[in-house]
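Since the structure comes first, as structure tokens, the remarks are kept for the end.
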Amino acid sequence: MSALARLSLRFRAVTALITIAVILTGVVSLTSLEQELIPPLELPAAVVVAIAPGMSPEVVEDQVTAPIEEAVAGVRGIDEITSRSAANVSTTTVLFDYGTDMTWAAQQVQVSVGRIAQVLPDDVETQVVTGSLDDLPIVQLAVAGADPVALGAFVDDVLVPELGDVRGVRSVAVTGAAERRVVVAPDLMALARGTVDVEQLRTVLERNGVVVPAGQLTEDATTWTVQVGTPLTSVADLEALPLGEGDLRLGDVATVREGEAAPDSYSRLDGEPALAISVTKTPEGNTVDVSHGVGEVVADLAELAEAEGLEVAVVFDQAPFIEESIHGLTEKGLLGLGFAVLVILVFLLSVSTTLVSAVSIPLSLLAAFTAMYATGYTLNLLTLSALTIAIGRVVDDAIVVIENIKRHLSYGEAKLPAIAGAVREVAAAITASTVATVAVFLPIGLVGGLAGELFRPFAITVGLAMGASLLVAITIVPVLAYWFVRAPQAVDEEEAARIRAAAEAKERRTRWQRAYVPTLDLVLRRPAVSLLVAVAILGGTAALVPRLETNLLGDSGSDALTVTQTFRPGASLDAQDSAARVTEETLMGVDGVATVQTTVGTDPAMAAFFGGGGASATFAITVADDADVAEVRAQLEDLLAEPPADGVTTDLSVSSGDMGLVSSDVELVVTAADPE
């Protein structure tokens, strides 16, 4: 390390250019870093969801879940397999070892399930779902309106295409929309008269309306592509389908009508029918930028929506939480930097030496930003926390170096030899200190599982900042000291020895020495007492650990709350909706609640992957700007403490809305007796 100091002092101009380059690349990297709430996490799990209409849990377990479990058990890299069988649905969760290529794993699971397709009942549909936190929506919208036609047209033809064009958006999912379908109802008497059976109708419907390639036709110098078949585009086309020989048509033996399919979910905004829209981003997309783009689209379409009698509301948005968290940590980091500089000034009592040592803080952070950008890390709660922690530590090496340089200069030594000698004396000590600090944090990055994936960026960022601070202290601080720290005029060796002796005597008389040396003597004279005090402090600290509250990430100040209402197995969608309306009215009457977006019924695949797959209703609550989130949450907990004994509701929970995830530290689950 001392060799690096000598090189930097020898090539001071090159060191200055490198410093400028570090500053420029650091600023560019900082402005280019993606902003997220937490580091991106890929969950090493695949869920096989099998929809089995009309089957009881016992039949699902025997005929669907058991074969699927047996089929996927042979996939390499599996850590654990769990399954859940309920009425009409089977979910098999396959957990893989961390580090497994989930694209490959999902393909292997899909192949394994496909091999047993003939074993499963004919009407069972399977789906393999994998995902990460990028699969969670970053923005959730609700569009409400009394006219369902205008509502559907606005969402499908205007809003969804506009949202899909926002840079970084991966998908825009709409729930709550009624699906259209065509129903063919055979007339059994007409079938008997026409000597046609139901199987023939099925065959006719399967073989018609399909366009298939039939080769090519060359005429002169032109080649034409030939296709056979005509697509069916209307009910009239279906009614005109011929059945066998003669003039018998489908419309002669069956009633063909178009209508809405039975809904599998309901969505409302403040009690009015609504469509729920979830926006997810691409893995490389910037959450904040995507959110702002979605907000601009909503603002641009506000007048059009109002003219159509529609209301567009943002019921969940990750960006404000991210920006608030980043702003808060940045503010605290700057305050820490300011106080660190102030403390340095108080101890060194020199503006020039204070500024030279303090410059290590921004330089180390900018170098860390460059390394973060190069390694693909994002600016999030954990990396910002790492940088905030590092602020108080990165300046230590520079303080040691500059203080020792100042001491040698006070002895009357020539400037260049004094700086080189001062750095050589402390280089080994500050290197050992920095390496020891890095060694404390780096093992966190070696932890496996979810904790390792989450905290690895934290550990690496601390290590990067510490390493940068050591290099700055060894190379840049000596050069800055050479240029900006004033030194006494050089003297001959005899005079220098006299000055040094006087300076060392003065050092022993400082108030810090007068306070520290007697304390040190006392500790050394009574080592047993000192060790007992140290052990007592350690024991007291360990005794306090169980009293500390623990959670994954805590509350980042979200203004959103989520209420989840689950229902007994087998409850119909209408029964779920009826119970959800009671809860919805209760929530809307709470002071401080701005909007309530209700979703009854969920996609089985997503529910299985993120929430267990049970029948449930979700209420996304936006708290008013002037309301206290904690007070509103307390009111909700009190109101929902006793769910209505309607035989449908089995569980109510209130949770924070941060990240679209359940925050375990605020979750309240109240279970009512199931009448059945």
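The values are calculated or read from the model by the stated rules, or taken from the named source; none is laboratory data. Fair warning: this is a prediction, and the values are worked out from it, not measured in the lab. Because the Cβ atoms are built from the backbone with ideal geometry, glycine has one as well, and the counts that use them run over all protein chains shown. When the accessible area is computed, the model is the full protein with side chains, heavy atoms only, and any ligands, DNA or RNA have been set aside. Shrake-Rupley method; radii C 1.70, N 1.55, O 1.52, S 1.80 Å.
Descriptive notes on the structure:
- When the criteria are applied in full, residue 422 fails the requirement of being over 30 Å from residue 322 (Cβ atoms), open to solvent by 10 Å² or more (accessible area, probe 1.4 Å) and over 36 Å from the mean Cα position of the chain (by Cα).
- Considering only residues in region 51-76 that are of a type in the set (Gly, Ala, Ser) and buried (at least 19 other Cβ atoms within 10 Å of the Cβ), the one that is farthest from residue 104 (Cα to Cα) turns out to be 52.
- The residues of region 357-381 that are part of a helix (DSSP H, G or I), within 28 Å of residue 289 (Cβ to Cβ) and at pLDDT below 85 amount to a single one, 381.
- Checked against (1) more than 32 Å from the chain's Cα centre (by Cα); (2) acidic (Asp, Glu); (3) within 30 Å of residue 299 (Cβ to Cβ), residue 156 meets all criteria but (1).
- Residues satisfying the stated conditions in region 404-417, i.e. crowded, with 17+ Cβ neighbours inside 10 Å and at pLDDT 85 or above: 404, 405
- Each residue in region 385-420 was checked for being over 19 Å from residue 468 (Cα atoms) and either among the charged types (D, E, K, R) or not in a helix (DSSP H, G or I) (or both), and 8 pass.
- The residue of region 627-676 that is nearest to the chain's Cα centre (by Cα), among those that are at pLDDT 75 or above, open to solvent by 40 Å² or more (accessible area, probe 1.4 Å) and farther than 18 Å from residue 582 by Cβ, is 630.
- Considering residues of region 309-333 that are polar (S, T, N, Q) and out of contact with any strand residue (DSSP E or B) (no Cβ under 8 Å at 6 or more places or on another chain) only, the residue most open to solvent (accessible area, probe 1.4 Å): 330
- Of the set (1) closer than 25 Å to residue 449 by Cα; (2) open to solvent by less than 60 Å² (accessible area, probe 1.4 Å); (3) not polar (S, T, N, Q), all apply to residue 79 but (2).
- Meets criteria (β-branched (Val, Ile, Thr), more than 29 Å from the chain's Cα centre (by Cα), part of a helix (DSSP H, G or I) and surrounded by fewer than 15 Cβ atoms within 10 Å (Cβ to Cβ)) for residue 20: yes
- Residue among 337, 409, 381, 387 that is in contact (Cβ under 8 Å) with a residue 24 or more places away in the chain and touching an Asp or Glu at 6+ places or on another chain (Cβ under 9 Å): 381
- For region 381-390, the condition holds for at least one residue, the condition being that it is open to solvent by 40 Å² or more (accessible area, probe 1.4 Å) and not hydrophobic (A, V, I, L, M, F, W, C).
- The listed residues are 56, 83, 29, and the only one of them that is farther than 30 Å from residue 470 by Cα, at pLDDT 85 or above and of a type in the set (Ser, Thr, Tyr) turns out to be 83.
- Pairs, first farther than 15 Å from residue 397 by Cβ in region 415-428, second outside any helix (DSSP H, G or I) and of a type outside the set (A, V, I, L, M), C-beta under 8 Å, six or more apart: 418/411; 421/413
- Pairs meeting the criteria (first residue in region 32-57 and touching a residue at least 24 places away in the same chain (Cβ under 8 Å) and at positive phi, second residue surrounded by fewer than 18 Cβ atoms within 10 Å (Cβ to Cβ) and basic (Lys, Arg), beta carbons under 6 Å, at least 6 apart or on different chains) are lacking.
- Meets criteria (at pLDDT below 85 and of a type outside the set (Lys, Arg)) for residue 339: yes
- Looking only at region 160-184, residues that are open to solvent by less than 40 Å² (accessible area, probe 1.4 Å), farther than 12 Å from residue 275 by Cα and assigned to a loop (DSSP other than H, G, I, E, B) come to 2 in all.
- Region 95-124, subset charged (D, E, K, R) and either within 16 Å of residue 41 (Cβ to Cβ) or modelled with pLDDT of 85 or more (or both), residue least open to solvent (accessible area, probe 1.4 Å): 97
Each row is one residue, and each column tells you yes or no for (1) part of a helix (DSSP H, G or I); (2) β-branched (Val, Ile, Thr); (3) modelled with pLDDT under 85.
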{"residue": "289", "(1), (2), (3)": "yes, no, no"}
{"residue": "293", "(1), (2), (3)": "yes, no, no"}
{"residue": "297", "(1), (2), (3)": "yes, yes, no"}
{"residue": "304", "(1), (2), (3)": "yes, no, no"}
{"residue": "316", "(1), (2), (3)": "no, no, yes"}
{"residue": "321", "(1), (2), (3)": "yes, no, yes"}
{"residue": "327", "(1), (2), (3)": "yes, no, yes"}
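- Screening residue 252 against (1) modelled with pLDDT of 75 or more; (2) open to solvent by less than 70 Å² (accessible area, probe 1.4 Å); (3) over 30 Å from residue 148 (Cα atoms) leaves a single unmet condition, (2).
- Test: residue in region 92-99 that is touching a strand residue (DSSP E or B) at 6+ places or on another chain (Cβ under 9 Å), over 30 Å from residue 621 (Cβ atoms) and among the hydroxyl-bearing types (Ser, Thr, Tyr): yes
- Residue that is modelled with the lowest pLDDT, among those in region 1-17 that are surrounded by 15 or more Cβ atoms within 10 Å (Cβ to Cβ), among the hydrophobic types (A, V, I, L, M, F, W, C) and part of a helix (DSSP H, G or I): 5
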